[in-house]
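Each remark here refers to the structure printed beneath this line.
The values are calculated or read from the model by the stated rules, or taken from the named source; none is laboratory data. Nothing here was measured: the structure is a model prediction, and the numbers come from that model. Here the Cβ is made from the backbone with ideal geometry for all residues, glycine too, and neighbour counts use every protein chain on show. These accessible areas exclude ligands, DNA and RNA; they are computed on the full protein's heavy atoms, side chains included. Shrake-Rupley method; radii C 1.70, N 1.55, O 1.52, S 1.80 Å.
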Amino acid sequence: MNDIKKAAQLIRDGKVVAFPTETVYGLGANALDPMAVARIFELKERPAFDPLIVHVSDLEQLYGLTPDRDPRIALLAEAFWPGPLTLVLEKTSHVPDIVTSGLPTVGLRMPDHPVAQELIRRAGCPIAAPSANKFGRISPTEAWHVSKNLPEADYVLDGGPTRVGIESTIIGLRPDGFVILRPGGITREDLLGIIPESSEAPAPGSPEAPGMLASHYSPAKPFYLYSEALAGRIDPSRAGYIRYSGEIPLSFARVITPTQTADLREYATRIFGAMHELEASDVDVLVAQPVPENGIGIAIMDRLRKAAHDWEAGAV
Ligand code: AMP
Ligand code: MG
């Protein structure tokens, strides 16, 4: 489970390999091989309209995939790469359409994990990789999360628990600044330290952010955000509670506290793990306490709302 050389050979052979990044585990294939990329969609049961992020090991590789030479790319790369920031840029013809779901743009990032970097370098090609989970389910932050839910992967590289724990921030570049297409590990404030924000807001549901569905990251058991209205509707003796801080409002069967010090970054590293743990436990219902929406809390609440979306709507 930790043979990077073997994993790189598998990628070169057109196979699909799960590997750790600093955000979550990815399900990777040679980004330049459309047949290999097709297997990612197949294994994940991912709809073809949802494009993949391509992972590179250096800027030279990046500039082979985009014709864009906007100087802000180098500024952002200097500040945040390797790290949890994805840039959506015009693509070159080297990038197969299946990777970008037919869009003229490609999402690119340089992951900050020694295993991911070595894998890309040894494979000698950029690696397209979405999170290594079935479409719409909880993202994996440990190797067992992947093995449990995607046993069909050709190989799972184990790099231990991931450091950031939620996905990358995805941005586009407009003439007057950045637009956040998906909140993530790098905050708006982090970005504002380097370049200005655009006055233009991305239209929700636009092809600009095709993967931004209302439901995502969802456990296989009912999952709700805690509220007083919810308290009367659930049986706490059959429910697990993911606590952020403060008093535990009901006698829940299980309680997980991802951070003892109300540290949102620490919470982010553990939230998907807590969801996996409760999903695999004997409770019937999962409840998460909302967290403050500042800094990385914006990305956390984005994930929690999407995980709860279908359950709250009573749609499933
Ligand atoms: P993930 O599932 O975490 O790998 O993230 C993939 C997400 O990145 C997709 O669901 C899209 O929202 C976003 N994405 C990837 N490529 C593009 C692109 N070319 N344009 C806009 N968004 C993209
Ligand atoms: Mg995902």
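Under a GNM of the chain (C-alpha, springs under 10 Å), which listed residue has the highest mean-square fluctuation: 113, 94, 55?
Of 113, 94, 55, the most mobile in the Gaussian network model is 94.
Could you work out the mean projected area of the convex hull around the alpha carbons of region 1-97, in square nanometres to one decimal?
Taking a quarter of the hull surface, the average projection is 6.8 nm².
State in Å² the accessible area per residue of region 11-112; use a 1.4 Å probe, count heavy atoms of protein chains only, and round to the nearest integer.
Numbers: 3730 Å² over 102 residues.
Counting only protein heavy atoms, the per-residue value for region 11-112 is 37 Å².
Can you tell me the relative contact order of the chain? Whole percent, Cα pairs under 8 Å, sequence separation 6 or more.
Across the chain, relative contact order equals 20 percent.
Quick check for you: with a 1.4 Å probe and neighbouring chains kept, what is the accessible area per residue of region 264-311, in Å²?
33 Å²
Pop the C-beta distance of residue 59 and residue 13 into the FRET formula with R0 = 22 Å and round what comes out to the nearest 0.05.
On the way: r = 27 Å, r/R0 = 1.22.
The formula returns an efficiency of 0.25 here.
Relative contact order, percent, of region 57-184 when contacts are C-alpha pairs under 8 Å separated by at least 6 residues? Each step should come with its number before you reach the end.
On the way: 157 pairs, mean separation 30.4, N = 128.
RCO, region 57-184: 24 percent.
Hey, any idea what % of the chain's accessible area is carbon plus sulfur with a 1.4 Å probe?
C and S atoms contribute 52 percent here.
Any idea what angle helix 34-44 forms with the longest principal axis of the chain, computed on alpha-carbon atoms, 0 to 90 degrees, nearest 10?
Result, in degrees: 0.
Specify the residue with the greatest mean-square fluctuation among 92, 23, 141, computed from a Gaussian network of the chain linking alpha-carbon atoms under 10 Å apart.
92
Identify the GluC sites (Glu not before Pro) of region 108-198 meeting these criteria: DSSP loop state and at most 15 other C-beta atoms within 10 Å of the C-beta.
When the GluC sites (Glu not before Pro) of region 108-198 are filtered for loop state and at most 15 Cβ neighbours within 10 Å, 152 remain.
Enter the Cα centre distance for the pair region 277-316 and region 68-109, rounded to the nearest angstrom.
If we compute the Cα centre of each part, the gap is 30 Å.
Using alpha carbons only, what's the Rg to Rh ratio of the chain with Rh from Kirkwood? Numbers along the way, then the final one.
Details: Rg = 19.2 Å, Rh = 19.8 Å.
Ratio of gyration radius to Kirkwood radius: 0.97.
So how much slack lies between residue 313 and residue 194, counting 0.36 nm per residue of separation and subtracting their Cα-Cα distance, in nm?
Length gained between residue 313 and residue 194: 38.9 nm.
Keeping all protein chains in the complex and leaving out DNA, RNA and ligands, what accessible area do you get for residue 12 with a 1.4 Å probe, in Å² to the nearest 10?
For residue 12, the solvent-accessible surface is approximately 110 Å².
If you filter region 247-316 for GluC sites (Glu not before Pro), then keep DSSP loop positions with at most 15 other Cβ within 10 Å, what is left?
Those satisfying the criteria are 247, 293.
Per-residue ellipticity at 222 nm for the chain, helices alone: DSSP H runs ≥ 4 residues times -39500 (n - 2.57), over residue total, nearest 500 deg cm²/dmol?
-8500 deg cm²/dmol
Would you mind calculating the gained length between residue 3 and residue 94 on full extension (0.36 nm times residue separation, minus the Cα-Cα distance), in nm to one decimal?
Value of the extension gain: 29.9 nm.
Cut-off 10 angstrom, C-alpha nodes, Gaussian network model of the chain. Which of 71, 236, 114 fluctuates the most?
Taking springs between Cα atoms under 10 Å, the residue moving most is 71.
So, R0 is 45 Å and r is the distance between the beta-carbons of residue 262 and residue 121; what FRET efficiency does that work out to, to 0.05? Could you put the intermediate results ahead of the total?
Details: r = 39 Å, r/R0 = 0.86.
That gives a FRET efficiency of 0.70.
Along the positive direction of the dipole of the chain (beta-carbon charges: Lys, Arg +1; Asp, Glu -1; about the Cα centre), which of 87, 157, 249 reaches farthest?
157
How high is the relative contact order of region 194-316, given as a whole-number percent (alpha carbon pairs under 8 Å, six or more residues apart)?
This gives 35 percent for region 194-316.
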